[in-house]
1. In the list 63, 52, which residue meets the criterion of being within 33 Å of the chain's Cα centre (by Cα) and aromatic (Phe, Trp, Tyr)?
2. Quick check on my filter: what residues within the range 52-88 are under 20 Å from residue 36 (Cα atoms), open to solvent by 90 Å² or more (accessible area, probe 1.4 Å) and free of Cβ contacts under 8 Å to residues at least 12 places away in the same chain?
3. Restricting to the range 9-36, what's the tally of residues that are in a loop (DSSP other than H, G, I, E, B) and surrounded by 11 or more Cβ atoms within 10 Å (Cβ to Cβ)?
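The values are calculated or read from the model by the stated rules, or taken from the named source; none is laboratory data. This one's a predicted model, so the numbers in the text were calculated from it and none came from an experiment. Note that we place each Cβ from the backbone using ideal geometry, even for glycine, and neighbour counts take in every protein chain shown. Side chains included, ligands, DNA and RNA excluded: accessible areas come from the protein's heavy atoms. Shrake-Rupley method; radii C 1.70, N 1.55, O 1.52, S 1.80 Å.
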Amino acid sequence: GGGGGGGGCVRHIFWETAYGCPACSKLSFAQMTTPCIRGRENISYRMSEECFRGEPVPPPHLFARCFVDWTNMLSTADYVAMGALAVGAVAAAGILLERYLVYKRLYERYSALQDDNQEVALDPDA
C-alpha cells in the first residue's frame with residue numbers, strides 16, 4: 001500500500017477444511033457393550049477420537065450371544081474376604097454347638113434333680 005513507514009501488509013488467512021483432520025480408522029471407535037443377560041448383549045460403537053471419512057462407524061450388533069466369565073468376576077481381596085467369612089462362620093458354628101451340648105447336659109442334670117428331688121451339682125464340666 002501507499003504511505004511511508006516501509007512496513008508490509010500482513011494478512012492472516014484461516015481456511016477450514018476437513019482434510020486437515022485425521023482419517024477414521026478402526027481405532028477411532030470405542031465399543032460399548034450392555035451387560036450379558038440370559039446369554040444376550042447389545043454391542044454398539046461410538047467415536048472415541050475426532051476423525052473424518054476413512055473407516056465408517058461399525059454397525060451395532062443387537063442380541064449378540066455372550067457368556068459370563070465367572071473366573072474374572074472376583075478379585076483376590078474378594079476371595080480373602082470370603083475365606084475369612086467362612087472361617088468365622090465355622091468358628092461361630094463350633095461355639096454354638098459347644099454351648100448347645102453344655103446346656104443340654106445341664107438340662108439333663110436339672111431334669112434328674114427334679115425327678116429324684118435331690119441336690120445335683122450343676123457344674124458344666126462335671
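1. Working: 52 fails: within 33 Å of the chain's Cα centre (by Cα).
After ruling out the rest, the residue left standing is 63.
2. Those that are under 20 Å from residue 36 (Cα atoms), open to solvent by 90 Å² or more (accessible area, probe 1.4 Å) and free of Cβ contacts under 8 Å to residues at least 12 places away in the same chain: 70, 71, 72, 73.
3. Residues of the range 9-36 that are in a loop (DSSP other than H, G, I, E, B), as a first pass: 9-17, 21-22, 25, 34-36.
If we keep only those that are surrounded by 11 or more Cβ atoms within 10 Å (Cβ to Cβ) as well, we get 21-22, 25, 34, 36.
The qualifying residues number 5.
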